[in-house]
Amino acid sequence: MKTTDVLIIGTGIAGITTAIQLAKNPNRKIILLSRSSDIHKSNTFWAQGGIIHRGPGDGAEMLVQDILAAGAGASLPEAAHILAEEGPRLLDEILIGQAHIQFDREPDGTLSYGQEAAHSCRRIVHVGDGTGAAISKGLVDLLKDYPNIEVISNATAVDLITYPHHSRDPLDNYRPVKCCGAYVFDRNGRAIHRTLAAVTVLATGGLGRIYRNTTNPPGARGDGIAMASRAGARIVNAEYIQFHPTALAAPGAEGFLISEAVRGEGGALLDPDGHPFMQKYSPEWEDLAPRDVTARAIHAEMETNGYSFVLLDIASHMSASALKTRFPNIYAECMRVGIDITQEPIPVVPAAHYSCGGVAVDSYGQASITNLFAVGEVSCTGLHGANRLASTSLLEGLVWGHRAGQKIEEMFNSQTFQIPTRQDVPPWDESGLINDSDPALIQGDMQTIQNIMWHYVGLIRSSDRLARAIRELRHLQNEVETFYQRTKLSDGLIGLRNAVEVALIVARAAYHNRQSRGSHYRVDAVEAGDRLL
Ligand SMILES: Cc1cc2nc3c(=O)[nH]c(=O)nc-3n(C[C@H](O)[C@H](O)[C@H](O)COP(=O)(O)OP(=O)(O)OC[C@H]3O[C@@H](n4cnc5c(N)ncnc54)[C@H](O)[C@@H]3O)c2cc1C
């Protein structure tokens, strides 16, 4: 059993930013957990395009307007203002000043600003097409400066410890629900420990892995949303899943992101026989149609014609040398799996990319349960509304990670916390569990969830598809729960239980929201203002 002031679950940009902000007080004890053996491994690591700063001629109000436009009427203006006003300064202070991240610069030494879809000016800073890897490395290196942060890898949080649920005092039933830490599975020792904390911060990232096609790395299976939901926290906007139109469809590199900048440089979408098709779906924009329109067009082509992918041709539009310079990582990854993008088209599919909803939090990352915070992709600050503006998510993790750290420190200075003791919280009970989890069952069930989500809760939704998904997921959840109650824990089993829970949360939210908006598209949508019953 461990005891700490603050338990932070997740080592992406959001979790580490919270940790370093808190660790500035040398008396504050922080535990930072990652389920991975390598704490760099997170969605943050895989971010390609960049992060928002303030470009030439740019201003906070311009960024706010772009965020609100992308969010399709569902973004919270207050959240957009916080990001736009605080983000560029925190990027300078933390990422450049403290973590020494070397963003690309112009020959005169000024930052090099990129342009991305739906931004009204150049404002994205980047490190080649590997921005996330550079940020992740810089932040992880920074942790070494803070001996009061204990980093624990190979540790999967299983469930939040909450009162009254885990309390031995019956009178806790009459008090507000309070979070006191988490049960944590030590993947090396295969044991479950209690980590008791005054404040707990979820920073567990996204959920793309509940879909068959996704750009997200393994582990992005919605653990934080599932844990928070089981504890009774509010989850909002779960139906708004952003799909990226072009992920690599090649064995051994499934889901690798092919940046939208490839279409920006003239890349054309073709069916497998080499015929262009975007004209049919977007006569005005064709291959430069917005992300959601393009993703749905590819999906429709695949579904109608039974294709398992479409093609993205950049070889005919850029010279080989320009291509290698502009997209070094994409070129290298495609070459690794035998595709020379300077000579041949790239097989692509749309893929689940980002969760705009999540654990409902306020402007400091506080969730609806006392002493529980959520930061980064697991949370819903309201910023992204129904559709995320490109390159806002890294900055959101930085800003809300910082704000959560500040708020928690303020709480320590203004109130006394009672961290529970060993006697207050029961240990995890594994008695009677004899079975080791069967990897075949876990893999099979995970694939079932991914297929249900892809076909029925994917890019094009309807009441029939969603109702079918909910029925099948409910049945599967019963099976998984029975399996879970009888079986010794493993990381895979924890993830499967969370994945089915989160899949149901997304499917139910999509079923109940009958208006198409942003990334949530229903063929049987009602107009805004119609009766929603
Ligand atoms: C391919 C790709 C490209 C992207 N490009 C961009 C971009 O250019 N710009 C941009 O702004 N955004 C981009 N995004 C989105 C962005 O990367 C993420 O939204 C952001 O990095 C999320 O950060 P985070 O700190 O919330 O979570 P993550 O970085 O995902 O970190 C989650 C952490 O939680 C840990 N964890 C999860 N579950 C548990 C558990 N049960 N117990 C313990 N630990 C757990 C993980 O191990 C990990 O350490 C991209 C995403 C992808 C996948």
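Just so you know, all these numbers are worked out from the coordinates, no wet-lab data involved. Just so it is clear, the structure is predicted and the values come from calculations on it, not from any experiment. Glycine gets a Cβ as well: all are built from the backbone with ideal geometry, and neighbour counts include every protein chain shown.
Couple of notes before you dig in:
- Overall form of region 310-444 per C-alpha gyration tensor (a/c, 1.5; a/b vs b/c): oblate
- Here's the picture: charge each Lys and Arg Cβ at +1 and each Asp and Glu Cβ at -1 in the chain, and of LEU257, LEU270, TYR211 the one pushed furthest to the positive end of that dipole is TYR211.
- Counting other Cβ atoms within 10 Å as a rough exposure proxy, the listed residues THR370, THR325 run THR325, THR370 from fewest neighbours to most.
- Largest first, the extents of the alpha carbon coordinates of region 1-90 on the three principal axes equal 50, 29, 28 Å.
- Under a model in which nothing but the beta-carbon of Lys, Arg (+1) and Asp, Glu (-1) is charged, the chain shows a dipole of about 1300 debye around its Cα centre.
- Rounded to the nearest 10 degrees, the inclination of helix 439-456 to the longest alpha-carbon principal axis of the chain is 50 degrees.
- With R₀ set to 35 Å, the beta-carbon distance separating GLU303 from ASP104 gives a calculated FRET efficiency near 0.35.
- Calculated on C-alpha atoms, the gyration radius of the chain divided by its Kirkwood radius gives an Rg/Rh of 0.96.
- The simple Förster model, with R0 at 51 Å and r as the Cβ-Cβ distance, assigns LYS280 and ARG168 a FRET efficiency of 0.20.
- Expressed in units of 2.2 N^0.38 Å, where N is the residue count, the Cα radius of gyration of region 66-222 is 1.38.
- Anisotropy class of region 373-453 from Cα gyration tensor, a/c 1.5 cut: oblate
- Taking the Cα centre of region 9-151 as origin and assigning +1 to Lys and Arg Cβ atoms and -1 to Asp and Glu Cβ atoms, the resulting dipole is close to 540 debye.
- Relative to the Cα centre, the charge distribution of region 22-100, modelled as +1 at Lys and Arg Cβ and -1 at Asp and Glu Cβ, gives a dipole magnitude of about 580 debye.
- For the residue pairs LYS144/LYS324; LYS144/LYS488; LYS24/LYS178; LYS29/LYS137; LYS2/LYS488, alpha carbon separations beyond 29 Å are given by LYS144/LYS324; LYS144/LYS488.
- The angle between the Cα long axis of helix 463-486 and the main principal axis of the chain comes to about 40°, on a 0 to 90 degree scale.
- Amide H contacts under 5 Å for THR3: LEU196, restricted to partners 5 or more places along the chain or on a different chain, H placed in the peptide plane at 1.01 Å from N.
- Ratio of Rg to Rh over region 250-392 (Cα coordinates, Kirkwood Rh, two decimals): 1.07
- What separates the Cα centres of region 153-227 and region 44-113 is a distance of 30 Å.
- For the chain, the longest principal axis of the alpha carbon atoms and the long axis of helix 60-70 meet at an angle near 80°.
- Value of D in µm² per second that Stokes-Einstein yields for region 207-304, Kirkwood Rh from Cα pairs, at 25 °C (0.890 mPa s): 159 µm²/s
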